């Protein structure tokens, strides 16, 4: 079994319903969700939008290999009309990123694990530090909590009451 850390986010549509649907599809198509962080609201990162994002990190247990997880994530995102091949970030109903796959390092044409921008994104680090504060990044050798403390992102992250 593999332990996979996924970041979920979206800023358009019915955000709460989108999270419920995405999580149900993840469990149906990939494996058991072991832990879910709270949901947090954050401003868009890397582009402008009037709509803030909701973000969460989940820990998934799966028998699937990393490339198969990625393929199934893309199928789920496509069900949310995810736009791909854009030169910039855009608003979206659901975005799912593989943050960690076990404690592995992997770099292929389609996948880099751990996610190369974990340490730069407060909207990932806040929920990640909530559920896995002592998880150590295999390359940076910092825990989630340490990366959050060192993060230069000044975004205001607020817990969503759902």
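The values are calculated or read from the model by the stated rules, or taken from the named source; none is laboratory data. Because the structure is a prediction, the values reported are computed rather than measured. Neighbour counts run over all protein chains shown; Cβ positions are idealised from the backbone, glycine included.
Some observations on this one:
- Among the residues listed as 131, 158, the single one being more than 15 Å from residue 52 (Cα to Cα) and touching a strand residue (DSSP E or B) at 6+ places or on another chain (Cβ under 7 Å): 131
- Some residue of region 90-101 being more than 24 Å from residue 157 (Cα to Cα), surrounded by 14 or more Cβ atoms within 10 Å (Cβ to Cβ) and at pLDDT 95 or above: yes
- Residue count for region 17-38, restricted to those that are in contact with a strand residue (DSSP E or B) (Cβ under 8 Å, 6 or more places away or on another chain) and either crowded, with 20+ Cβ neighbours inside 10 Å or under 14 Å from residue 95 (Cα atoms) (or both): 7
- Residues of region 2-14 that are farther than 17 Å from residue 67 by Cβ and in contact (Cβ under 8 Å) with a residue 60 or more places away in the chain: 7, 8, 9, 10, 11, 12, 13.
- Residue list for region 29-83, restricted to those being free of Cβ contacts under 8 Å to residues at least 40 places away in the same chain and either under 13 Å from the mean Cα position of the chain (by Cα) or part of a helix (DSSP H, G or I) (or both): 68, 71, 74, 77, 78
- For region 121-145, filtered to residues that are out of contact with any helix residue (DSSP H, G or I) (no Cβ under 9 Å at 6 or more places or on another chain) and surrounded by 13 or more Cβ atoms within 10 Å (Cβ to Cβ), the residue that is nearest to residue 35 (Cα to Cα) is 127.
- Residue in region 141-151 that is touching a strand residue (DSSP E or B) at 6+ places or on another chain (Cβ under 6 Å) and in contact (Cβ under 8 Å) with a residue 60 or more places away in the chain present: no
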